Amino acid sequence: MKRILAGLFSIVLCGLTTSCQTHENAQTERSAPDFMPLTEIVDGRDNVYLIVKVLENSSYWDVIIEGARDAGNALGCNVYYSGSYVETDWASHERLLGEASAAGADAIVLAPDDSVNLSGKIDEIYQEGIPLVLIDTIANTDNYDVCYMTDNLMAGQEAAKEMLSLLEKQGTDTSAPAQVGIQVGATSSLTIIERLAGFFQYWSKYAPPSWEVIPDIKCNEGDTEKALVCAEELLEYPDLKGVFGANNGSTVGFAKVIREQERKDIAVVGFDYSEEIAGLIMDDDYTVSTILQKQYDMGYQGVETALSLKDGEEMPVKFIDTGVIVVDQDTIGQEDVQEVLSHN
Amino acid sequence: MKKKGSMSHSDEINENISFFRMLVIYLLICGIGVILLLVSFDSLIRNHDRKLTADICTLVTEKMNNSIRYMTSAAQNMADVFSAQNCDDLQELYDTVSQAQENSSYVSLGFIDAEQKIYATPTELEEFEKWRLLETADLADPISISAPYRSGEIGQPVYTMFAHFTYDNGKKGYLFLTYPLKEIQAMAYTESLTKDTEIWLMEAASDNIIQCAGSNTYSIGSWNNALLSMRMQIDAADQNAYIQWKNKMNSGEKNASVTYHIGSETYTQVYSDIDFMYGWYVVVRIPSSSLSSAIQQFRKSVMLFLSVLLVATVILFILSHKREAEEKRVLENLSIHDPLTSVMNRRAFDFAAEKYLARGAKTEASLLFLDVDYFKQVNDRFGHDAGDRILKEFSAALRELFGETSYISRYGGDEFVILVRSADTVKVSELLTHLQKKAEKIKPCDDPEEYGDFTLTFSCGAAVFPKDGDHLQELKASADSALYLVKKNGRNHFGWYFDMPPVK
């Protein structure tokens, strides 16, 4: 019976995956729509244009848009928004930048799809004197006012720090061999790679010499089923004491398998907040932490800073790390954590 | 003659087979030669590429190290200048120098005093704490360089250089200078092989790498980890070589090289340590194909040239063989056939007839001796051209009637000898009768008024093998005797030797 159910589940999952892929394929052919109002539009107010990377089906970008809307409403400005449907469609961003400028934007908040290819257009907008705030991703040019993003290298260091702390909490012997397994969602994502580099940077400096990261870093290529297989393979290592998921999909994979196998001896450090990781955090039998970005702040502060720049203020810095917060059994009740979680 | 002709064709076929066999052997030898040439050429290129890529990688690492050394010397000189000033108020010094940073290649400059108080902007102070830069400063001997990090002030990856200096009568502090990582990237730039040369800074302990140069400009300045971007990509067979290379780095060896494959591409990778950037190394990688591409082009040209040469040689061989065969055929014709009548000449006939008669006791044959009657008168009356015409047409009639089963020859002047491969005298007599009728129709010219009542006749003496002679000479003598008798009896007739009255 279980096999029949598993088979049916696989068929449904395949169907859903195919449906998602078809949808994504269809999206690649869609150009970004015209700007839409995100707040109430009132004559005489400043017009801020927000351009995001992924316009639909992304909770991460929905939170950024929510932050921008809240800022627009709180600070009394008109916010228009648009964006590409896929993160690689930088041509749409180029077009939207031109349209925002032509529409008389007082300021632009941009999450660039491509750091290199959009640099020319970014230079052009900046030279027109339009205040330009970057969020989430920086561009390969100096011609912008400020960028709000997560310093993923630092976020990775935070993850390693948390891993060492959890292993210590579990009572792992610092003189005995111990292994940590890593799973990533992609090998080409700069965000994930920087988190990984940050993790290694901290780990190599502060981990006991007898503890090692398993060199066989697993990559699930964004496939939820593969994430489970990768997790199962890593859990077979005899000295495994902890696992690190460098993105949401990898973390969910670890959480599911660890829950299924009841591996309460394994410390889990992940990224982002999902039902699966939340379930483990709530269960005192497991040792789990997850790291959240503050993307709401990127949206809110992006609009807020854009208005300040429009009013003539100058930014003393070019890059602001919006930071991360660590969510675990100890911190989940804290007000600042709840505030971030309320937007996830 | 057709049979004789078919015997010659079979020889020709044998000759052709042997020629093509020779051609195949020639092509095989050429093929093996070309393969050996290619194998040794490729091996030469491979070894050359490996050595050259290793040399280039080493040169690039040395170039970067020299540039970094130059920068550290500049920092040390600046620290020496500040030490010479023996300033007793670092805040005042900082306020002065931090205002004068325009047109300098560094992003910022500051100081750390003996009590580890940092003289820097608030953003830099945050970064000191965030990236634990004081730990790097403590490593200065007399210089140290931090790992790259993203600067809040310029939004770009930067690194900070620390140099010892003294102030206030010998107190020890540090001067620090923060440079954009672009400075190192600029050092990494090479005019040649720009797209193919990949240069990273690599931290041995963490396997972290930062790309300074490469074909993908998007990844320049970004972090990565060598476990993910190098080791996992390398073919399984080369993993150990890579691990050994990495172990050398971990154990502190100053430089080492490794060659490995990723798919069909061969890479040479070299590392070299960086002075004062403790635990960090310059890593340079070049694919062999980038060097050998020009040589590969040359290899293609050589291959093309060899192929054309081979095809040309084969064509030349075939043409030469054909020409030789044709010449041989002409020469053979000239040596076998009578040029005027195209029937066999005497020598060829004797050779063929003897060979045929020597086949054995069961061989059957008839030998005919023919003589055109009054041929001299034809020449005298109508001229030699008309005589030649008579001989040609008479020969043609002989070929038409006896060609299938006989050797026909012109023995001289108006004499013809035929060896019929049959002892059936009745049948041969019928053929001779038929020949008489055909001969009557042969005229010396086309104009009836000119040739008038001319009628061509011939006399023939015949003998049967082996009854009338068991070898050619005897057979010819018998036929000649029969001819003599026919001529004596008034010509225009044929007679068999066995019908002749016995000689008394």
## Note on the structure
Once the dipole of region A:152-293 is set up from charges on Cβ (+1 Lys and Arg, -1 Asp and Glu), the residue from the list A:Cys230, A:Ala267, A:Val257 lying farthest towards its positive end is A:Ala267
### Message
Net charge around B:Ile143, counting only other residues with Cβ within less than 13 Å of its Cβ (Lys, Arg = +1; Asp, Glu = -1)?
### Response
-3
## Note on the structure
In the structure shown, of B:Lys437/B:Lys476; B:Lys172/B:Lys248; A:Lys161/A:Lys218; B:Lys376/B:Lys488, the pairs separated by more than 28 angstrom at the C-alpha atoms are B:Lys172/B:Lys248
### Task
Can you sort B:Ser83, A:Ser82 by 1.4 Å-probe accessible area, starting with the largest?
B:Ser83, A:Ser82
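Determine the gain in length on full extension of the stretch B:Ala423-B:Leu59; use 0.36 nm per residue of separation and subtract their C-alpha separation, reporting nm with one decimal.
Full extension of this stretch gives 121.2 nm more.
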### Query
At a probe size of 1.4 Å, how large is the accessible area of A:Glu260, to the nearest 10 Å²?
140
### 3J(HN,Hα) from dihedral phi, region B:373-390, Karplus parametrisation 6.51/-1.76/1.60, rounded to Hz, x for glycine, proline
6, 6, 5, 4, 5, 4, 4, 5, 7, 10, x, 5, 5, 5, x, 4, 4, 4
### Task
Provide the packing ranking of A:244-254, A:157-167, i.e. peptides ordered by the mean count of other C-beta atoms within 10 Å per residue, highest first.
A:244-254, A:157-167
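Net charge near A:Glu236: determine it from the other residues with C-beta under 13 Å of the C-beta of A:Glu236, scoring Lys and Arg +1 and Asp and Glu -1. Kindly include the intermediate steps, with their values, before the conclusion.
Details: positive: A:Lys218, A:Arg263; negative: A:Asp216, A:Glu232, A:Glu233, A:Asp239.
Overall, the nearby charge balance is -2.
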## Note on the structure
Taking protein heavy atoms only, a 1.4 Å probe, and rounding to whole percent, the accessible area of region B:346-499 owed to carbon and sulfur comes out at 47
### Query
Considering only protein heavy atoms, what is the solvent-accessible area of A:Asp43 at a probe of 1.4 Å, reported in Å² to the nearest 10?
150
### Query
Other chains near A:196-208: what is the mean number of their Cβ atoms within 10 Å of each residue's Cβ?
5
### Query
Put a dot 7 Å past each Cα toward the Cβ at B:Asp89 and A:Glu124; how far apart are the dots in nm?
5.2
### Query
What dipole magnitude, in Debye to the nearest 20, does chain B give about its Cα centre under +1 on Lys/Arg Cβ and -1 on Asp/Glu Cβ?
3340
### Message
Quick check: residue separation of B:His434 and B:Asn247 times 0.36 nm, minus the Cα distance between them. What number comes out in nm?
### Response
56.6 nm
### Message
How much accessible area per residue does region B:13-336 have, counting only protein heavy atoms and a probe of 1.4 Å, in square angstrom?
### Response
51
## Note on the structure
Of the listed links A:Lys169/A:Lys256; A:Lys53/A:Lys205; B:Lys443/B:Lys487, those spanning more than 30 angstrom between alpha carbons are A:Lys53/A:Lys205
### Summary
Residues whose built amide H sits under 5 Å from the amide H of A:Tyr81, excluding neighbours closer than 5 in sequence, are A:Met36, A:Leu38, A:Leu50
### With every protein chain in place, region A:136-274: carbon and sulfur % of accessible area (1.4 Å)
45
### Query
For chain B, what does -39500 (n - 2.57) per DSSP helix run (n ≥ 4), summed and divided by total residues, give at 222 nm, in deg cm²/dmol to the nearest 500?
-17000 deg cm²/dmol
#### Entry: Assigned charges on the beta-carbon of Lys, Arg, Asp, Glu; region A:152-293 dipole about Cα centre (debye)
420
### Task
Using only atoms on other chains, find how many Cβ atoms lie within 10 Å of each Cβ of peptide B:122-132 and report the average.
2
### Task
Would you list which lysines come within 24 Å of B:Lys300, measuring only between C-alpha atoms, while excluding same-chain residues fewer than 8 positions from it?
B:Lys51, B:Lys195
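For a Förster distance of 25 Å, can you work out the FRET efficiency between the beta-carbons of B:Ser18 and B:Val330, rounded to the nearest 0.05?
0.75
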### B:Phe416 accessible area, assembled protein chains, probe 1.4 Å, Å²
0
### Message
For the pair A:Gln329/B:Ala312, report the inter-label distance in nm, with labels modelled 7 Å from Cα in the Cβ direction.
### Response
8.6
### Query
Per-residue mean of other chain beta-carbon atoms within 10 angstrom of the beta-carbon, peptide B:149-161?
4
### Extreme residue, positive dipole direction of the protein assembly as shown, given options B:Ile243, B:Pro466, B:Val158 (C-beta unit charges)
B:Pro466
## Note on the structure
In the protein assembly as shown the DSSP beta bridges are antiparallel at a rate, in percent to nearest 5, of 65
### Query
What does the charge count near B:Leu38 come to, summing +1 for each Lys or Arg and -1 for each Asp or Glu among other residues with Cβ under 15 Å from its Cβ?
+2
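The values are calculated or read from the model by the stated rules, or taken from the named source; none is laboratory data. A quick note: this is a predicted structure, and the numbers were derived from the prediction, not measured. A quick note on method: Cβ atoms are made from the backbone with ideal geometry, for glycine too, and the neighbour counts reach across all protein chains shown. To get the accessible areas, we keep the full protein, side chains included, count just its heavy atoms, and leave off ligands, DNA and RNA. Shrake-Rupley method; radii C 1.70, N 1.55, O 1.52, S 1.80 Å.
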